[in-house]
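Okay, here's the structure, questions in a sec.
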Amino acid sequence: MTDTAIRPAADRPSAEPPTFRHFIAGEWCESTSRATFESRNPADTRDVIGRFQAGSPADVAMAVRAADAAAGLWRRTPAPKRGEILYRFGALMAGHKERLARAMTREMGKVLAEARGDVQEGIDIAFLMAGEGRRMFGDTVPSELPDKWAMSIRQPIGIAGIITPWNFPIAIPCWKMMPALVAGNTVVFKPSSDTPHCATLLVELMAEAGFPPGTVNLVTGAGADVGDAIIDNPDVSVISFTGSSATGKGIAARAGAKLKRLSLELGGKNAIVVMADADLDLATDGILWSAFGTTGQRCTAASRVIVERRAVEPLLDRLERRARGLRLGSGLEDTTDVGPLINKSALEKVAGYVGIGRGEGELVLGGEPARDGDLANGHFFSPTIFRDVAPMDRIAQEEIFGPVLSVIPVDDYPTAVTALNQTRYGLSSSIFTSDANTAFRAMRDFETGIVYVNAGTTGAETHLPFGGWKETGNGHREAGHAALDTFTEWKAIYVDFSGRLQRAQIDNQ
Ligand code: NAD
């Protein structure tokens, strides 16, 4: 499919940017609000990608009705058959990988290689969950009574509200929608207002893959209008949200009052520990990739490097030299290492934290928006490094979500562990060391949902659980078979074929 094949969703008068629509009950439709909003390229804000429907609570109500109408048939469709549609969707994404990746880079800025990786994560989870259609294991266990059968099965919860951020605009929606759908739920999907185009392209492929009308519904628009209406709708039984901790806490209060199932994947303040015995060149590679990849805007980005004091100078030497050589620009250019920040308010937030950092550590690199030449048209910020940061400084504690790295010196492994765990977040962590004992201690001691040894803090694979401890979430996990826990209810089933009343815990004593 080429870009022009998105006509069902878009009007495109020649010079005007196209207008895209919601997808409800298998139809592309306008919002009842009659209002639209723009999505622009963050590397060059003169480039308008399109106009998108500013969804309203009435649109959400329509989408929920469509999801409800589709629910009966979809939950009765055998799971292996549901899985076949997921498989077709994964194959379609693979066929359109380059187109999706380019659209992603244009809309949210990450460099093309990373955008391809983002699409690949979507493909991987589609195939993994397609396989779950033939597994979705429950337990069959011996009964404590004779002539009695005992087992448990997973069943769909109902309608899933899917609310996603912009930083993995294909992967994260797929991480949520694939397990929801294979388990037999129907979906109302609200993407970030910074990446509605990626969401539209994704849903177009879902329709093409054969998800029946109403199974997947897309409503674009603001969190306060569309997101809240999804959460408040009594027919939406499960909410899966990824975004900032501040938004997540608000959603938790709202959904909690209605006793909804809620999966939250929130902020992070991930750290890399570098021991003096580490391969410092390898550590430098891992740190640069984790701190400045996706312009520091991954939930798993490393924004703290905790370094054994003896290694600080040689490591900083390498980091500074290599980071100085990173080239900023449009992620569509082969020569670009670091793309833009997502929007103006992100740029302002990063600049604000750099201001705070100047009063905490010592600035060794960057610290300014980058405005040379074409960069002036986008939201670029120079890769920034602070040294001599203390573990409890604000830049070492709060999520900045930009290319800002704090180097924190420590005396030894125990003080490194204390510094690493001294945060309210707990998503990802890593250690560089050549000592196997230290590596195993780290695997035991780091209070995060993901631990890497001799690699950066990013690079999760879709067949293991993904999620964080502490305020990074509320205990749910995405990916792996654990993802099914969010979207299924357990049912325990007992079949007594003895022909007489047998009372558990009483008749067998
Ligand atoms: P955000 O919280 O601003 O927005 C996330 C989504 O919530 C968007 O779709 C937004 O429109 C919606 N929203 C906003 N207000 C809402 C409301 N009142 N009710 C319902 N929905 C609402 O986050 P963001 O800027 O899009 O994403 C960046 C954040 O996401 C960072 O904090 C990052 O760490 C986090 N993140 C976490 C993970 C993870 O797996 N833990 C993964 C990616 C991103």
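Determine which aspartates and glutamates satisfy two conditions relative to Lys249: a Cα distance under 19 Å, and not lying fewer than 8 residues away in the same chain.
Partners within reach: Asp225, Asp228, Asp232, Glu265, Glu398, Glu399, Glu471, Glu478.
Relative contact order for the chain: what is it in percent, counting Cα pairs under 8 Å that are at least 6 residues apart?
Working: 1197 pairs, mean separation 90.1, N = 509.
This gives 18 percent for the chain.
Then there's this: What is the Cα coordinate range of the chain on the first, second and third principal axes, sorted by size from largest, in whole angstrom?
78, 72, 40
Additional query: To the nearest 10 Å², what's Lys249's accessible area with a 1.4 Å probe?
The value for Lys249 is about 120 Å².
Which listed residue (Phe401, Val64, Ile123) has the Cα farthest towards the positive end of the charge dipole for the chain, taking +1 on Lys and Arg C-beta and -1 on Asp and Glu C-beta about the Cα centre?
After comparing all options, I get Val64.
With every protein chain kept in place and ligands, DNA and RNA left out, what is the accessible area per residue of segment 229-311? Probe 1.4 Å, answer in Å². Don't skip to the answer; put the middle values down first.
On the way: 2580 Å² over 83 residues.
Per residue, segment 229-311 has an accessible area of 31 Å².
Lys and Arg at +1, Asp and Glu at -1: add these up for the other residues within a Cβ distance under 13 Å of Leu464 and post the number. Intermediate values should be presented prior to the final figure.
Details: positive: Arg477; negative: Glu121, Asp124, Glu461, Glu478.
In short, -3.
Express the Stokes-Einstein translational diffusion coefficient of segment 262-375 in µm² s⁻¹, to the nearest whole number, given a Kirkwood radius over alpha-carbon pairs, 10 °C and a viscosity of 1.306 mPa s. Present the calculation step by step, with values, prior to reporting the outcome.
Values: Rh = 15.6 Å.
It comes out at roughly 102 µm²/s.
Need the C-alpha centroid separation for segment 189-243 versus segment 34-56, integer Å.
Computed from Cα coordinates, the inter-centre distance equals 17 Å.
Moving to a separate point now. Here are some pairs, Lys110/Lys269; Lys260/Lys491; Lys110/Lys260; which of them have Cα atoms lying more than 26 Å apart in this structure? Could you put the intermediate results ahead of the total?
Details: Lys110/Lys269 20 Å; Lys260/Lys491 18 Å; Lys110/Lys260 34 Å.
The pairs that break the limit, which is 26 Å between Cα atoms, are Lys110/Lys260.
What does the charge count near Ile342 come to, summing +1 for each Lys or Arg and -1 for each Asp or Glu among other residues with Cβ under 10 Å from its Cβ?
Values: positive: Lys110, Lys344; negative: Glu107, Asp194.
Taking every other residue near Ile342 into account, the sum is 0.
Give me the dipole magnitude in Debye, nearest 20, for segment 94-196 about the Cα centre, with unit charges on the beta carbon: positive for Lys and Arg, negative for Asp and Glu.
Working: 12 positive and 11 negative charges, 70 e Å.
So the dipole magnitude of segment 94-196 works out to roughly 340 debye.
Same structure, new question: What number, in percent, do you get for the relative contact order of segment 283-436 if the mean sequence gap of Cα pairs under 8 Å and at least 6 apart is divided by its residue count? List each step's numbers first, then the result.
Details: 251 pairs, mean separation 45.0, N = 154.
Relative contact order of segment 283-436: 29 percent.
How much length is gained if the chain between Phe137 and Arg46 is pulled fully straight, taking 0.36 nm per residue apart and subtracting their Cα-Cα distance, in nm to one decimal? If you can, show how the numbers build up before the last one.
Numbers: separation 91, 0.36 × 91 = 32.76 nm, distance 5.08 nm.
Value of the extension gain: 27.7 nm.
Right, something else. Cα centroids of segment 107-130 and segment 469-509: how far apart, whole angstrom?
Measuring centre to centre over Cα atoms gives 33 Å.
Okay, next question. Quick check for me: using +1 on Lys/Arg Cβ and -1 on Asp/Glu Cβ, what's the dipole size of segment 256-402 about its Cα centre, in debye to the nearest 20? Mind dumping the intermediate values first?
On the way: 19 positive and 22 negative charges, 146 e Å.
Taking the Cα centre of segment 256-402 as origin, the dipole is about 700 debye.
Sticking with this one: Normalised by the empirical 2.2 N^0.38 Å for globular proteins, what value does the Cα Rg of segment 350-499 take? It would help to have the intermediate numbers written out before the result.
Details: Rg = 21.0 Å, N = 150, 2.2 N^0.38 = 14.8 Å.
Compactness ratio reported: 1.42.
As a test of the formula, what do you get for the chain when each DSSP H run with n ≥ 4 contributes -39,500 (n - 2.57) and the sum is divided by the residue count, at 222 nm and rounded to the nearest 500 deg cm²/dmol? Could you put the intermediate results ahead of the total?
On the way: 15 runs with 183 residues, N = 509.
For the chain, the value works out to -11000 deg cm²/dmol.
When N is the residue count of segment 30-156, what does its C-alpha Rg come to as a fraction of 2.2 N^0.38 Å? Please list the in-between numbers first.
Details: Rg = 21.3 Å, N = 127, 2.2 N^0.38 = 13.9 Å.
Against the empirical 2.2 N^0.38 Å value, I get 1.54 for segment 30-156.
Follow-up. Name the long-range amide H neighbours of Leu365: under 5 Å, sequence gap of 5 or more, or other chain; modelled H, no Pro or chain starts.
The list, which skips near neighbours in sequence, is Ile385.
What percent of all Cα-Cα pairs in segment 149-265 falls in each 5 Å bin, counting up from 0?
2, 11, 24, 25, 19, 10, 4, 2, 1, 0, 0
The values are calculated or read from the model by the stated rules, or taken from the named source; none is laboratory data. Please read these numbers as outputs of a predicted model, since none were measured by experiment. For neighbour counting, all protein chains shown are included, and Cβ atoms are generated from backbone atoms with ideal geometry for every residue, glycine included. The area values use the complete protein model at the heavy-atom level, side chains included, leaving out ligands, DNA and RNA. Shrake-Rupley method; radii C 1.70, N 1.55, O 1.52, S 1.80 Å.
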